[in-house]
Amino acid sequence: MSTIVFFHAHPDDEALSTAGTMTLLSESGDRVILVVATRGEEGEPVPGILKDGEPLEERRTEELIKSASILGVSRVEFLNYRDSGMIDSPTTSNPECFWQANIEEASLRLSNLLCEESVDLLVIYDPNGGYGHPDHIQVHRVGTHWADQTGIENIRWTTLNRDSIKKTIELAIETAPDEGLAGIGDDLEERRQRVEEESFGSAESEITHAVNVSDFIEKKRAAISAHRSQIDEDSFFLKIPNDQFVNIFGTEWFINPKESRKENETFKFNLFD
């Protein structure tokens, strides 16, 4: 049995980016540990979802625990930094937020949490955090520093396949009216524009690993649905048909920072390869 640490920034990041791989590993008998840097205080809740006086961070913590249970996670921990918000938000100046955290101090928190674990593999974001969110970038920095300090050699960066997502979204835009989903066209168009940005994800040529998680797609969708404070029942994630959901989310992409994939070389399918 191997021990794999997935280090994420906020509740729901685990569901959106690595839920299938986490399920694959847990159902294969591996020990999956989820560490989350913040409790997502700066998220935008779905209107009317919170009870009067209910703190968003409490709801998001509950949602994370539910999602982790669906995915077979063995242990869940928080670094308990404050959510930094988006890069242009004044909340990034809060001295308690993760973006302002000292890298060595945050790495020490991680070490203290995991001191009794024998970690075989660490999963963090790519250097740009997938799409430029400051907390995602900080996860990369802290995770990299922690791995260097503790001698963890096996690191994988979870990333987004910019080329694949662009093609899939273009197809979804074409077929949405035929599927009776004309209402999500604007959402898809907005997502396509984001994918066009070079700061979004990674080019396919940079990616080394493609993990097929289509066998676990129902659990991935259930984990996403668990985060109802952030994901409305009419959202793109929950409205698209299963076949399109599999096309978009049925493969999870990773980069081994110590290797590169040669032109025409196939992807690796096992994170340990």
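All of the numbers you see were taken from the coordinates with simple rules; none came from a lab. Predicted model only: the values in this text are computed from it and were never measured. Note that each Cβ is placed from the backbone with ideal geometry, even for glycine, and that neighbours are counted across all protein chains shown.
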Compare the peptides 158-168, 135-145 by average per-residue count of other Cβ atoms within 10 angstrom and give them in order, highest first.
135-145, 158-168
For the stretch 1-156, just list the percent of Cα-Cα distances falling in each 10 Å bin from zero outward, please.
11, 41, 36, 11, 1
Using helices alone, I'd like the mean residue ellipticity at 222 nm for the chain: each DSSP H run of four-plus residues gives -39500 (n - 2.57), total over residue count, nearest 500.
-12000 deg cm²/dmol
Take each of the peptides 85-93, 205-213, 18-26, average the number of other beta-carbon atoms within 10 Å over its residues, and list them starting from the highest.
18-26, 205-213, 85-93
Cβ-placed point charges (K, R +1; D, E -1), dipole of the chain about Cα centre in debye, nearest 20:
560 debye
Residues of type lysines that residue 258 reaches as a straight line, Cα spacing below 27 Å, ignoring anything fewer than 8 places off in the same chain
166, 268
